[in-house]
Amino acid sequence: MITVTDKTIQDINAKIANGSVHVVTAEEMPDIVAELGPVGAAKEIDIVTTGTFGAMCSSGAFFNFGHSDPPIKMQKVWLNDVEAYAGLAAIDAYLGATQLSKSRGMEYGGAHVIEDLVAGKSIDIHATAYGTDCYPRKVLDTTVTIDDLNQATMFNPRNGYQRYNVATNCSDRTLYTYMGTLLPDCGNVTYSGAGVLSPMYNDPTYQTIGVGSRIFLCGAQGYVTGQGTQHDPANNFATMMVQGDLKQMDKKYVRGASFHGYGTSLYVGIGIPIPILNADIAKATAVTDADITVDVLDYGVARRSRPVLREVTYEELKSGMIDINGREITTSPMSSFHDARAIAGELKDWIQKGTFYPTLPVERLPNTGVEFKPMKQIGEQPTVADVMAKRVTTIQQGLTVENAAKVIMEGNFNHLPVVSDKDQLVGIITAWDIAKAVAKNKRDKLDDIMTRAVVTADATEPIDIVARRLEQHNISALPVVDKHSRVRGIITSDDISKLVARR
């Protein structure tokens, strides 16, 4: 353990004041430490600047609108048709980045309202109330800009993940997620985070990051207010809670985004200065993309714990291609390294010009003793195995439509899985398929009319996931198959409806 301590924050800030401070970005620091060593680098460098710019869903803003005449105690309030939480006081509200517009759905949400305000645009306010003696007004409609608000404070409960898991999709259908669109059969890989510029990876024990740390937040000076929600330092998934004045922010670093099939998020720009107080901190800021590893997860499994396909470095991710099971898969970032680099550079300029002075935290973020727990669930979640029909009639591939019609009539059911001579699922026939075939005088092989791209279920899947799959594909039944594609049951929308009715 290197423990050389030769500077204080007061020493560093005095250098900023007299113009002699030596600041570098986190991209520059690895070469400096390699050349001078941690002790030499700690003597030479005063501050290392970091940066990250990416989608940070757990973001939002507090607003105070001022009192109307007559006054209103807002019970519900919408900003550009996006509902904000009004259960704070008469004219205060909190708008979350992922809240969706009532009229525009996933195209527009709280993140876009925040971006519009920072960009100087007008927004429409609609509020309703129950009316009281001191707040008699029941309805309010008006239009404001950010300058009309008393306070507009960005307050983000969880920002700046230390690192972020990588996403791919091994299922046979396209998925729409907060990690973007994931193509089937591991067709692409998406990732997030700044790697070498990551604020929290450049101070992994949080010696300089905590309550009261002054930071770059969306082009303005902001502060860390505490550990973020889901703070998980034991697994290098630390997070921060941050706040800053929305009125001072730059629209370059506050961007609303819509992810197809998922919803909205806010792109947030954060930069943290790391004061180099000692050689330990200097050594930590020499981290490179090759040093930071993260797991590639299969998002095709819609469970809390997803399968890990491999471990990968940010160096590999940024190369544009990684290997998964012998296949080269294209990678693409969900965050912007270009803007992260710009943030680190802009923060460096602020410090060199004497307009930004780092602060040490009054309380460091915890790096031990924090447990990130899953949700406590009282009742057991029913699975497909609990509901599915286990005795399933199938029909061999190669038989005729007439054969299938007889099987369905004798069994009095609507769905008939088609299997190969190896008993593997190759298609499915419905009573409707047969009726159409008969009407068109198609009575030959089942292969001509069966659905080949069969949507299936696994016996261990929760019912909620399977119900959504039925809805997405507008179908009424799913064959349940094992890992060898053998039919082990069938679950229908009627089965799920009966389960819901019993509950």
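The values are calculated or read from the model by the stated rules, or taken from the named source; none is laboratory data. All of these numbers come straight from a predicted model, not from anything done at the bench. Virtual Cβ from ideal backbone geometry, glycine too; neighbours counted across all protein chains shown. Please note that ligands, DNA and RNA were not included when accessible areas were found on the heavy atoms of the full protein model with its side chains. Shrake-Rupley method; radii C 1.70, N 1.55, O 1.52, S 1.80 Å.
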Residue by residue through region 418-447, note down the ones that are in a strand (DSSP E or B) and within 11 Å of residue 404 (Cβ to Cβ). 418, 427, 428, 429, 430, 445
Answer with yes or no whether residue 381 is of a type in the set (S, T, N, Q), open to solvent by 100 Å² or more (accessible area, probe 1.4 Å), outside any helix (DSSP H, G or I) and within 30 Å of residue 469 (Cα to Cα). no
Of all residues making up region 252-290, the number that are open to solvent by less than 20 Å² (accessible area, probe 1.4 Å) and either at positive phi or free of Cβ contacts under 8 Å to residues at least 40 places away in the same chain (or both): 1
Here the residues within region 448-458 that are among the aliphatic types (A, V, I, L, M), surrounded by fewer than 17 Cβ atoms within 10 Å (Cβ to Cβ) and not in a loop (DSSP other than H, G, I, E, B) are none
Condition check: in contact (Cβ under 8 Å) with a residue 40 or more places away in the chain and within 19 Å of residue 460 (Cβ to Cβ). Does residue 385 satisfy that? yes
If we keep just the residues of region 1-51 that are modelled with pLDDT of 95 or more and among the basic types (Lys, Arg), which is nearest to residue 345 (Cα to Cα)? 15
Sole residue being touching a helix residue (DSSP H, G or I) at 6+ places or on another chain (Cβ under 6 Å) and either open to solvent by less than 20 Å² (accessible area, probe 1.4 Å) or farther than 30 Å from residue 252 by Cα (or both), chosen from 313, 331: 331
When residue 106 is run through (1) closer than 26 Å to residue 262 by Cα; (2) in a loop (DSSP other than H, G, I, E, B); (3) touching a residue at least 24 places away in the same chain (Cβ under 8 Å), the failure sits at (2)
Residues within region 416-447 that are open to solvent by 20 Å² or more (accessible area, probe 1.4 Å), in contact with a helix residue (DSSP H, G or I) (Cβ under 8 Å, 6 or more places away or on another chain) and within 22 Å of residue 473 (Cα to Cα), tallied: 1
